1. Report the calculated FRET efficiency for A43 and R126 (r = Cβ-Cβ distance, R0 = 41 Å), to the nearest 0.05.
2. Using 0.36 nm per residue of separation minus the Cα-Cα distance, give me the extension gain between E110 and A61 in nm, one decimal.
3. In what sequence, largest accessible area first, do D108, D55, D74 appear using a 1.4 Å probe?
4. What spacing in nm lies between the two simple spin-label points modelled at A72 and I103, each 7 Å away from Cα in the Cβ direction?
Amino acid sequence: MSSWESDLAYRAVARAFVDGDPLQQAGGPLDVRAVVAGIRTEARDGFLLEEVPWDRFPEGAGVRKHMERLRAGDAVHTSLGMLIGLCANDMRAAVAPTAPFLIRIGTDPEADHRVEALAVAAEVARLRHQSGKRPAPLHAHHAAARHT
């Protein structure tokens with residue numbers, strides 16, 4: 001069994017999006033746009049990672065660990081590289097909740113790795129395929145749909 005098949009978040013997402021109607025998920029707990037919008041300002045400013053429901057998204061637990069390392073100043077390049085890699089693998093839904101925190105790092109004149117933090121935040125927003133088409137909503141179902 002591959003890691004995504006054993007991931008409880010992946011299985012929940014697959015049930016919700018693949019077996020159900022993806023449009024019914026808009027604004028709900030698996031819509032990463034709603035999750036990011038729901039992160040309290042105090043949590044963003046205080047880097048309170050425990051307030052973000054990382055476990056709702058496949059690879060979310062790993063993303064949180066990388067954010068904890070980043071915040072602690074440990075393995076910064078590795079953590080930022082892993083986040084970029086997840087985006088490259090179309091796992092932006094798991095990485096999207098990092099954007100408010102990365103933007104704060106990137107705009108803090110005292111912070112190290114400002115450019116790299118902003119590069120990851122920008123990668124979250126990048127379209128998977130560069131085209132003139134309007135981007136699809138960023139939902140966790142993109143990850144689920146890839147593996148079915």
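1. Approximately 0.95, to the nearest 0.05.
2. 14.9 nm
3. The most accessible residue leads, giving D55, D74, D108.
4. 2.7
The values are calculated or read from the model by the stated rules, or taken from the named source; none is laboratory data. The structure displayed is predicted, hence computed values, not measured ones. Glycine gets a Cβ as well: all are built from the backbone with ideal geometry, and neighbour counts include every protein chain shown. Note: accessible area is taken over every heavy atom of the protein model, side chains too, but ligands, DNA and RNA are not part of it. Shrake-Rupley method; radii C 1.70, N 1.55, O 1.52, S 1.80 Å.
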